[in-house]
Structure formats: structure tokens, C-alpha cells
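Notes to accompany the following structure.
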Amino acid sequence: MPQQLVWFITGTTSGFGSHLVSEALSRGDLVIATGRSQEKLDKLLERHENTENLRVLQLDITSDPTIVKDVINQAVNLWGRIDVAVSNAGNGELGLIEETDTSVTRRLFETNLFGPVEVVKAILPHMRPRRSGTIVFLGSRSVWIGETPGLAQYSASKAALHAMAEGLAAEVSHLGIRVLLLAPGAFRTSIYATSTFHQENTIGDYDDLRKRCIRRFEGIAGNEPGDPVKAMHALVDVVRGEGIAVGRKWPEPGASLLLGNDAERDFSKRFEKLKATVSEWAEVVRGVWL
């Protein structure tokens with residue numbers, strides 16, 4: 001895919017999104033970067049002031065669907081099309097289930113699931129007539145470690161995103177539209193440093209567990225093993241079919257592209273755990289059909 005691509009990327013003012021903007025521009029592609037803060041978007045423009053290939057649009061993906069559609073239409077009108085749509089914007093709030101207000105859980109799902117769904121629904125009408133396009137979702141290896149205390153609600157929202165992305169891949173493949181689901185591990189972005197561990201409704205029975213959780217997550221911040229620059233370089237390679245992607249098949253629907261040794265480790269542990277449970281309970285598993 002050597003031609004100049006038009007990228008539409010959400011959540012570009014920090015983390016993976018910011019690095020992806022830089023990487024796509026370095027390949028000579030056109031980038032439409034979005035984010036909630038116009039001030040931060042202006043700073044992004046300043047960092048790339050020597051290129052004409054970058055445009056920014058303010059977008060909160062949890063806005064009313066009519067607003068999302070309007071921004072997508074504005075984006076399409078900039079260069080006439082969107083070739084690659086990257087759903088990167090996300091929310092990383094943490095907390096023990098019983099101690100966390102349900103409003104937090106709903107907010108996680110609004111940002112990590114419903115927002116991306118609305119963005120995709122607004123973009124697909126522009127991709128379908130062209131019978132081409134690539135949609136990328138930033139999932140998470142957390143879907144395989146939901147048993148980690150404090151992480152369950154975030155993991156649940158990302159697991160829902162994974163399921164939706166897998167289903168979408170199967171539904172649009174006949175239209176020439178590709179879907180790529182990434183499952184990154186812990187990368188040196190700001191997510192751990194800026195994530196809130198909710199303690200509004202503390203319960204004494206959880207005091208020790210809560211303290212251990214907070215120490216664990218605080219210890220990760222700044223010590224993540226993943227390099228976000230390398231990750232986004234790999235992503236652009238995969239989308240463009242260049243570099244490390246040459247000679248490799250596009251991941252099939254239902255398969256995530258893991259990023260990071262920790263993602264591979266956690267996936268493998270979950271897979272082995274499921275296999276062991278099926279083996280242990282095989283008589284029950286297979287003994288319930290008519």
C-alpha cells in the first residue's frame with residue numbers, strides 16, 4: 001500500500017496517538033488528528049509546524065452522535081476521504097468494583113466502547129462506497145488479566161471493545177474494509193501516571209487489598225517496558241504493508257495483534273488456564289448435550 005494515505009486518529013494529544021501522528025507524517029501520509037482539548041491540539045500543530053500534511057479537529061468521542069458525524073464529515077471534506085481510521089482515545093480509570101461508583105464504570109464504557117462505535121458508524125458510510133479502508137482499534141492485554149484487583153472495570157470495557165472489533169471485522173470484510181485490533185501491553189505512555197484509582201466509597205474489608213493495588217499501579221508508572229515509538233512504527237508498517245509487515249498475512253477476524261512481551265505472556269497464561277479448566281472438567285463440558 002505505497003500510496004499516500006489519509007489517517008483519521010482519535011486521542012492524539014498524548015501517548016500512542018501523539019506518536020502515531022508523528023510516525024504517519026514521517027511516511028509522507030496525511031493526518032487528521034483529533035482530541036478533546038483545542039489547546040493541546042494547537043500545541044500538536046506547533047510541534048509539526050513544518051508540514052502541510054496535518055490538520056486538527058476538536059472531538060470528544062463521547063459527544064452526541066450528531067456531533068461525531070459532523071466532525072467526521074468535516075474530516076472527509078479536508079482531503080476527500082479517510083483511508084485509515086484509528087480508534088485510540090480511551091479512559092484508564094481504576095478501582096475495586098464494590099468501592100467504585102457505577103458512574104465510573106459507565107464512563108469507562110462510554111469512552112472505551114460506545115465512543116469508538118459511534119466514530120466507526122460515522123466513518124463506514126464514507127468507506128463502503130469506495131470498497132476500501134482500514135479501521136484500527138487500540139484494545140488492551142488487560143482483557144486477559146481481568147482477575148487483577150482494581151483493573152476489572154477497565155478490562156471489561158476493553159473486552160467489550162475487543163468483541164465489537166472482532167464482529168465488525170467479519171461484517172465488513174466483504175466490503176473491502178479491513179479491521180485491525182491491537183492488544184498492547186504496558187507502554188511508557190502517561191496512562192498509569194494519570195489514571196485515577198477510585199476510593200470514594202471505601203470499605204474496611206478491602207483496606208489491605210486497596211493499598212496493595214495502589215502501590216502496584218503506582219510502581220508501574222514510569223517503569224513500563226514498552227516503547228510507544230516502536231509500537232506506532234510497527235502499526236504504520238502493518239497498515240501500509242511495509243517493513244516488518246512484508247510477507248505476513250493480515251490478522252484474521254477474531255485474532256488480536258499483540259504488542260509487547262507482557263501481552264504475549266498474559267495471553268499465553270490465559271489460554272493455558274482455559275485449556276487446563278476444560279481438561280479438568282471435560283466430563284461436565286461434554287456431558288450436557290442432548
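The values are calculated or read from the model by the stated rules, or taken from the named source; none is laboratory data. Here the structure is a predicted model, which means the values were calculated and not measured. Please note: Cβ atoms are built from the backbone with ideal geometry, for glycine as well, and neighbour counts cover all protein chains shown.
Points worth noting:
- For the range 57-70, the criterion of being touching a Phe, Trp or Tyr at 6+ places or on another chain (Cβ under 6 Å) and more than 30 Å from E218 (Cβ to Cβ) is met by none of the residues.
- Any pair with Cβ under 6 angstrom, 6 or more apart, that starts in the range 217-230 at a residue that is within 12 Å of S190 (Cα to Cα) and ends at one that is assigned to a helix (DSSP H, G or I): I220/Y192; A221/Y192; A221/A193; P228/F16; P228/H19
- Residue that is surrounded by the fewest Cβ atoms within 10 Å (Cβ to Cβ) [pool: residues in the range 146-171 that are among the hydrophobic types (A, V, I, L, M, F, W, C) and over 16 Å from N112 (Cβ atoms)]: A170
- Residues that are closer than 10 Å to E166 by Cβ and not charged (D, E, K, R) were ranked within the range 249-263; the one that is modelled with the highest pLDDT is S256.
- Residues that are under 30 Å from G28 (Cα atoms), assigned to a loop (DSSP other than H, G, I, E, B) and in contact (Cβ under 8 Å) with a residue 60 or more places away in the chain do occur in the range 257-273, at least one of them.
- Helices (runs of 4 or more DSSP H) (entirely within the range 5-94) containing at least 2 residues that are in contact (Cβ under 8 Å) with a residue 60 or more places away in the chain: 15-26, 65-79
- Of the numbered criteria (1) without any contact (Cβ under 8 Å) to a residue 40 or more places away in the chain; (2) touching a Pro at 6+ places or on another chain (Cβ under 7 Å); (3) among the aliphatic types (A, V, I, L, M), the one A159 fails is (2).
- Odd one out for T196 among (1) at pLDDT 95 or above; (2) of a type outside the set (A, V, I, L, M); (3) more than 21 Å from A231 (Cα to Cα): (1)
- Top-ranked residue in the range 172-224 [being of a type in the set (D, E) and surrounded by fewer than 18 Cβ atoms within 10 Å (Cβ to Cβ); ranked as nearest to S140 (Cα to Cα)]: E218
- V238 meets the conditions (1) on the phi < 0 side of the Ramachandran plot; (2) at pLDDT below 95 in every case but one. The failed one is (2).
- Residue count for the range 1-44, restricted to those that are modelled with pLDDT under 95 and within 19 Å of N77 (Cβ to Cβ): 0.
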